[in-house]
1. I'm checking my understanding of the structure. Among residues of the range 88-116 that are in a loop (DSSP other than H, G, I, E, B) and either under 23 Å from residue 76 (Cβ atoms) or outside the structural domain of residue 76 (by TED's automatic domain parsing) (or both), which one is nearest to the chain's Cα centre (by Cα)?
2. Kindly check whether there is at least one residue in the range 25-37 that is modelled with pLDDT under 95 and closer than 16 Å to residue 158 by Cα.
3. Inspect all residues belonging to the range 100-121 and state whether any of them is free of Cβ contacts under 8 Å to residues at least 40 places away in the same chain, surrounded by fewer than 16 Cβ atoms within 10 Å (Cβ to Cβ) and over 22 Å from residue 147 (Cα atoms).
4. Could you tell me which numbered condition residue 77 fails, if it satisfies all but one of (1) under 15 Å from the mean Cα position of the chain (by Cα); (2) modelled with pLDDT under 95?
5. Looking only at the range 132-148, count how many residues are at pLDDT below 85 and assigned to a helix (DSSP H, G or I).
6. Within the group 84, 88, 93, which residue is surrounded by 13 or more Cβ atoms within 10 Å (Cβ to Cβ), within 30 Å of residue 39 (Cβ to Cβ), at pLDDT 95 or above and in contact with a helix residue (DSSP H, G or I) (Cβ under 6 Å, 6 or more places away or on another chain)?
């Protein structure tokens, strides 16, 4: 199931499908592997408008200690390598299917802000993400896995959330 909303929900709360010809698509992750469905959705959107795809993933920084950056809270070498591998595999799959693609990994505590900034910086006019089902907003604000829903609310471009595996 794919949901697309432009920067949040409409006043009535209904979901609106947005399938326009896009020129640049951001395939983003807050750290989870890309689902096959998300990669397929990015492929569909890219083919419809002959778009290129920028693959982007977050290596999670776990916080600060007493308000100061703490090296123990930064991503480990293994976590960086896992994220690079996730991006590399997605880029390879897209290229094998004839889509121009490149990507990179960034470490941050603020995944929503970084994903939206990356879309703006790369000139992307759509974002595709693997997502869990929506949760109660009170509980969801404390869950890292609800990051795609926060991106959907904050983004200024259409966001396609694809159900995860």
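The values are calculated or read from the model by the stated rules, or taken from the named source; none is laboratory data. In this text, all values refer to a predicted model and were calculated from it rather than measured experimentally. Here the Cβ is made from the backbone with ideal geometry for all residues, glycine too, and neighbour counts use every protein chain on show.
1. Here the answer is 110.
2. yes
3. no
4. Exception for residue 77: condition (1).
5. Restricting attention to the range 132-148, the residues satisfying the condition of being at pLDDT below 85 are 132-147.
With assigned to a helix (DSSP H, G or I) added as a condition, the list becomes 137-140, 144-147.
Residues meeting the conditions: 8.
6. Working: 84 fails: in contact with a helix residue (DSSP H, G or I) (Cβ under 6 Å, 6 or more places away or on another chain); 88 fails: in contact with a helix residue (DSSP H, G or I) (Cβ under 6 Å, 6 or more places away or on another chain).
Answer to the selection: 93.
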